[in-house]
Amino acid sequence: MNVLLFSNGKVAGNTSLLEFGIDWVAEAIERTGAKKLLFIPFAMIRGEYDDRLAQLNSVVAPFGASVTGIHQAQDPVEAIKAADGFIVSGGNTWVLNKMLHDQGLIGPLRNAILKQDKLYIGWSAGTNIACPTIRTTNDMPIVSAAILPSLNLVPFQINPHYIEANISGHMGETRDERIEEFLIQNPHEIVVGIPEGTMLKVEGGKLTYHTATGAPLKLFQYQQEAKYFNAQDDIQAFME
């Protein structure tokens with residue numbers, strides 16, 4: 001398996017998508033030989049699919065790769081079969097997951113990624129759908145008939161855009177409190193909070209953490225004190 005799961009697409013000061021992690025993207029494309037990438041834009045609500053597609057082509061062109069959009073394909077399943085890898089944009093996770101299920105694309109994507117080792121690059125919503133379910137997304141369920149199970153590429157839940165903050169005067173739950181509520185209802189699961197400018201990578205069966213900012217990830221488990229892990233730390237136990 002070759003999977004890059006970014007918390008977000010840009011950090012402050014970036015002018016292009018995945019700029020903070022471009023070396024990680026370049027290494028993955030070179031290592032896997034994924035030159036024909038398929039963009040899955042269904043999470044996007046505010047913005048045009050084709051504009052994002054053009055941006056991504058500019059990002060990967062220096063590495064000899066190109067990107068086409070699944071929204072332009074006459075047969076999305078055949079487009080998945082023909083691609084060397086996939087890029088899944090951020091946006092609304094509920095919309096993305098529903099469209100993948102509605103179009104019958106979950107199975108073909110899982111087959112391509114898990115059995116054929118095709119490259120998967122996702123950020124934000126694209127990272128959420130790599131989990132067993134999308135229950136730890138930050139997004140509002142803006143579509144009805146919401147579907148929870150997703151690609152299940154990793155066996156744990158991820159909370160992208162994780163922020164450890166308690167805003168003065170704000171009486172709603174903090175991110176930590178929301179994750180705690182999830183674990184009370186799902187005590188046998190774990191949640192990995194990844195802050196901005198970071199990425200989880202799965203190469204083969206090995207899981208590693210990468211950060212452009214130096215920020216650690218945060219592991220949440222039921223009735224246990226949260227633990228921090230830095231880029232050099234061993235996090236392989238998350239995959240068990």
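The values are calculated or read from the model by the stated rules, or taken from the named source; none is laboratory data. Keep in mind that this is a model prediction, so the values were computed, not measured. Methodologically, a virtual Cβ is constructed for each residue, glycine included, from the backbone with ideal geometry; neighbour enumeration extends over all protein chains shown.
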Query raised in the report: How many of the residues in the range 179-212 are in contact with a helix residue (DSSP H, G or I) (Cβ under 9 Å, 6 or more places away or on another chain) and at pLDDT 95 or above?
Result: 19
Report task. Please give the number of the condition Tyr49 fails out of (1) touching a Pro at 6+ places or on another chain (Cβ under 8 Å); (2) closer than 13 Å to His210 by Cα. Result -> (2)
Query raised in the report: What strands (runs of 3 or more DSSP E), lying completely within the range 125-240, carry at least 2 residues that are surrounded by 18 or more Cβ atoms within 10 Å (Cβ to Cβ)?
Result: 157-159, 190-193, 198-203, 206-211, 217-221
Query - Cβ-Cβ under 6 Å pairs, at least 6 apart or on other chains, the range 177-206 side without any contact (Cβ under 8 Å) to a residue 60 or more places away in the chain and among the small types (Gly, Ala, Ser), far side in a strand (DSSP E or B) and surrounded by 19 or more Cβ atoms within 10 Å (Cβ to Cβ) - result: Gly193/Asn159; Gly193/Lys218
Report summary line: Here the qualifying pairs (Cβ atoms under 8 Å; residues six or more apart or on different chains; first in the range 36-52 and at pLDDT 95 or above; second of a type in the set (S, T, N, Q) and surrounded by fewer than 21 Cβ atoms within 10 Å (Cβ to Cβ)) come out as Lys36/Ser66; Lys36/Thr68; Leu37/Ser66; Leu37/Thr68; Leu38/Thr68; Phe39/Thr68
Query - Enumeration of residues in the range 1-26 that are surrounded by fewer than 15 Cβ atoms within 10 Å (Cβ to Cβ) and not in a loop (DSSP other than H, G, I, E, B) - result: Asp23
**Report entry** Ile184 being among the β-branched types (Val, Ile, Thr) and farther than 21 Å from Phe42 by Cβ
**Finding:** yes
